[in-house]
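Heads up, the thing below is written out as structure tokens.
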Amino acid sequence: MILKKTDELGSLNKAALEMNMSYTKAYSLIKNAEKNLSVKLLIKQIGGKYGGGSIVTEEAKDIIKKYEEFDRRVGESVERLYNEIF
């Protein structure tokens, strides 16, 4: 997930590179998500002595936690259903 990787690395560009994704694609994903969710997900830090970066907002961190919980529960449900059926 691009947001989680950006939080880990402090940079959308570094996160995109690590995920074999162009910066343009990653930026587009973030902007579309912000538009659809009506929530600011990243705060960009421009250049400076040590270069720029991206800070993941608290709202974005909350979305990451909710998504991880959702993903965990979906996996449990699929496993339970698989075991019931097969």
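Just a few scattered comments:
- Net +/- balance of residues flanking E18 in space, Cβ distance below 10 Å, scoring K and R +1, D and E -1: +1
- Close amide-amide hydrogen proximity is noted between L42 and T57, each under 5 Å apart and 5 or more residues distant or on a separate chain (H modeled in the peptide plane; Pro and chain starts excluded).
- When Cα Rg over 2.2 N^0.38 Å is computed from the coordinates, the matching label among [x] 1.26; [y] 1.10; [z] 1.35 is [z].
- Net length gained if the chain between M1 and S38 were fully extended (0.36 nm per residue, minus Cα distance): 11.4 nm
- Scalar couplings 3J(HN,Hα) for the stretch 69-78, obtained by applying the Karplus form with A = 6.51, B = -1.76, C = 1.60 to θ = phi - 60°, are 5, 4, 4, 4, 5, 5, x, 5, 5, 5 Hz; x denotes Gly and Pro.
- Interchain or long-range residues, amide H under 5 Å from S54's placed H: S11, L12, Q45
- Using the rule -39500 (n - 2.57) for each DSSP H run of four or more residues, divided by the residues of the chain, the 222 nm mean residue ellipticity is -22000 deg cm²/dmol.
- Reach of K5 by Cα under 21 Å, taken over lysines that are not fewer than 8 positions away in the same chain: K14, K25, K31, K35, K40, K44, K61, K65, K66
- For the stretch 2-85, relative contact order (Cα pairs under 8 Å, six or more residues apart, normalised by length) works out to 26 percent.
- Only Lys, Arg, Asp and Glu carry charge here, each on its Cβ (+1 for the first two, -1 for the last two); on that basis the chain has a dipole of about 480 debye about its Cα centre.
- Förster radius 25 Å - calculated FRET efficiency between K25 and R72 (Cβ-Cβ, nearest 0.05): 0.40
FYI, it's all coordinate maths here, none of it is from the lab. Quick caveat, the model's predicted, so the values are computed rather than measured. As a convention, Cβ positions derive from the backbone with ideal geometry for all residues, glycine included, and neighbour counts pool all protein chains shown.
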